[in-house]
Every structure is written in structure tokens, then in C-alpha cells.
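Inspection log for the structure reproduced underneath, given as C-alpha cells.
The values are calculated or read from the model by the stated rules, or taken from the named source; none is laboratory data. Everything numeric here is computed off the predicted structure, so don't read it as measured data. Note: ideal-geometry Cβ built from the backbone for every residue, glycine included; neighbour counts use all protein chains shown. Just so you know, the surface numbers come from the protein's heavy atoms only, side chains and all, with ligands and any DNA or RNA stripped out. Shrake-Rupley method; radii C 1.70, N 1.55, O 1.52, S 1.80 Å.
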Amino acid sequence: EMAPMMFAHSSRLTRLVQGVEGEYLLKNALEEKNGVIVASPHLGMWEVIGQYCPRYAAMTILYRPPKMQSLENVMITAREQAGATLVPVGSRGVKGLLRTLSQGGIAGILPDQDPGMGTGVFVPFFGVSANSMTLLPRLAKKSSAAVIFAYAKRLPWGKGYQLHFMQADQAIYSKDPLTAVAAMNAGVEKCVKKVPEQYQWSYQRFKTRPH
């Protein structure tokens with residue numbers, strides 16, 4: 001599945017999208033001109049989200065550079081072909097996301113990544129304490145951008161994908177970081193419960209443990 005995602009033309013990939021549920025949420029949020037944070041967890045074929053969303057507005061996607069540097073240019077070229085701009089994790093990447101949001105565009109983030117010890121907070125994820133990023137809620141509060149969860153559900157027999165957009169709970173804007181991050185994790189859980197067999201359970205979500 002990753003081969004066409006990385007090497008097929010973006011027009012072919014978007015033709016695989018057979019339907020979009022909750023599209024109005026994204027369109028309405030963009031009309032507010034405060035930008036939109038699209039939170040796409042490791043569910044279904046999340047790469048499709050980054051290929052499809054640039055049709056709505058300029059999109060900047062945060063990415064983590066691969067351990068094999070020789071793959072980085074391939075990855076960037078593939079993910080940017082539909083019009084998105086990739087920015088690496090770090091201060092430069094955060095500035096890029098904020099710039100896009102200030103211009104009313106879309107910031108793409110995978111919200112269920114383990115940010116590493118000392119750079120996140122521990123809140124429940126499916127009842128297990130998980131090191132979770134604070135970046136997404138902080139960006140939402142700083143930019144006043146809407147937060148919308150998104151995933152691409154695989155359809156049977158290789159028939160393509162069904163995109164789903166879901167509104168985040170307002171608690172994600174809480175001044176209390178634990179409350180905000182817990183709301184983010186709850187949003188991811190809500191998406192996963194829709195199609196649990198397509199979540200990347202092999203992802204080391206709980207690799208960082210509290211002392």
C-alpha cells in the first residue's frame with residue numbers, strides 16, 4: 001500500500017477517495033480564517049489525508065525525519081506532490097505551522113505520536129498512561145485555529161478510501177495542559193473506535209514510560 005502512496009501521482013491517489021464524511025466541518029472552519037489543525041492519527045491510510053486536504057487550502061504538515069537520511073527526499077517529494085509543504089519537527093517546523101494557520105491554511109499533525117521523555121505529558125490513552133504531545137493544543141490556543149480529526153478508512157477489496165472528518169471537543173482548548181491533552185487523546189480514541197482493526201497497533205505508542 002505504501003508504494004503507490006509514495007510513488008503514484010497524487011491525482012491517482014485522490015481518485016481512490018470514494019466519499020468524504022464531515023467535509024462541511026472542514027469547509028466551515030476554513031471560512032473562519034483562523035486556520036484549521038487537521039489531526040490525523042495512525043489510522044487507516046493516513047497518507048491520503050495529506051494528499052487530499054490541499055484542495056481545500058494551503059497545507060503544512062509536520063514530519064519526523066527518517067533515521068535513514070537517504071529516504072528523506074523521497075518522502076518529502078511524495079508527500080508534497082499534491083501541494084502540501086512539509087516542515088520538520090522542531091522550532092522551524094512549529095513556526096511553519098503557525099505561519100500557515102495565521103494565513104487561514106491547514107496544519108497537519110499526527111496527534112498520537114510519542115514525543116519522547118521530557119517533551120510531553122502523561123495522560124490516559126485507552127486507559128493506559130501514555131506520553132502525549134502538548135504541541136497540538138498549544139498551537140490551537142495560540143492561533144485560535146479549529147481542530148478537526150481526520151482519518152481515511154480503507155474500503156474492502158481495494159476499492160479505495162472513505163475520508164472522515166470529526167470535530168474536536170472544546171476541552172482541547174483548555175488552559176490546563178493535562179485537560180487539553182486528555183481531550184486530544186480522547187479524540188484519537190473516538191476515531192479509532194470507529195474502525196479499530198485499521199489502527200496501527202504495532203506503533204510503539206507506550207514506549208516512553210513514567211518514572
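When the Cα centres of the range 51-78 and the range 141-211 are compared, how far apart do they sit, in Å?
Centre-to-centre (Cα) distance: 19 Å.
Along the range 117-123, what does the Karplus equation 6.51 cos²θ - 1.76 cosθ + 1.60 (θ = phi - 60°) give for ³J(HN,Hα), rounded to whole Hz, x for Gly and Pro?
4, x, 10, x, 10, 8, 9
Relative contact order for the range 1-155: what is it in percent, counting Cα pairs under 8 Å that are at least 6 residues apart?
Taking the mean separation of contacting Cα pairs over the length of the range 1-155, I get 34 percent.
Calculate, for Met75 and Glu1, the FRET efficiency according to 1/(1 + (r/R0)^6) with r their C-beta to C-beta distance and R0 22 Å; round to the nearest 0.05.
For R0 = 22 Å, the calculated efficiency reads 0.90.
On a 25 Å Cα-Cα criterion, which of the cross-link pairs Lys33/Lys190; Lys33/Lys175; Lys27/Lys142; Lys141/Lys193; Lys159/Lys207 come out too long?
As for pairs spanning more than 25 Å Cα to Cα, those are Lys33/Lys190; Lys141/Lys193; Lys159/Lys207.
Between Met68 and Leu155, with labels modelled 7 Å along Cα→Cβ, what's the label distance in nm to one decimal, could you check?
If labels sit at Met68 and Leu155, their model points lie 3.2 nm apart.
Scan around Leu86 for amide H atoms under 5 Å from its own, H built in the peptide plane at 1.01 Å from N, and keep only partners 5 or more places away or cross-chain.
Ile61
How much of the accessible area of the range 78-211, in percent, comes from carbon and sulfur atoms when a 1.4 Å probe is used?
Carbon and sulfur: 55 percent of the exposed surface of the range 78-211.
Give a residue-ordered list of calculated ³J(HN,Hα) values for the range 124-133 (Karplus: 6.51 cos²θ - 1.76 cosθ + 1.60, θ = phi - 60°; whole Hz; x for Gly, Pro).
x, 9, 6, x, 10, 4, 10, 5, 10, 5
Taking amide hydrogens as modeled 1.01 Å from N in the peptide plane, which residues meet the under 5 Å criterion relative to Val147, leaving out close sequence neighbours?
Ile37, Ala168
So for the range 112-211, averaging the separation of alpha carbon pairs under 8 Å that are six or more residues apart and normalising by length, what relative contact order in percent results?
Rounded, it is 32 percent for the range 112-211.
With a probe of 1.4 Å, find how much accessible area the range 8-156 has per residue, and write the answer as a whole number in Å².
For the range 8-156, the per-residue accessible area is 45 Å².
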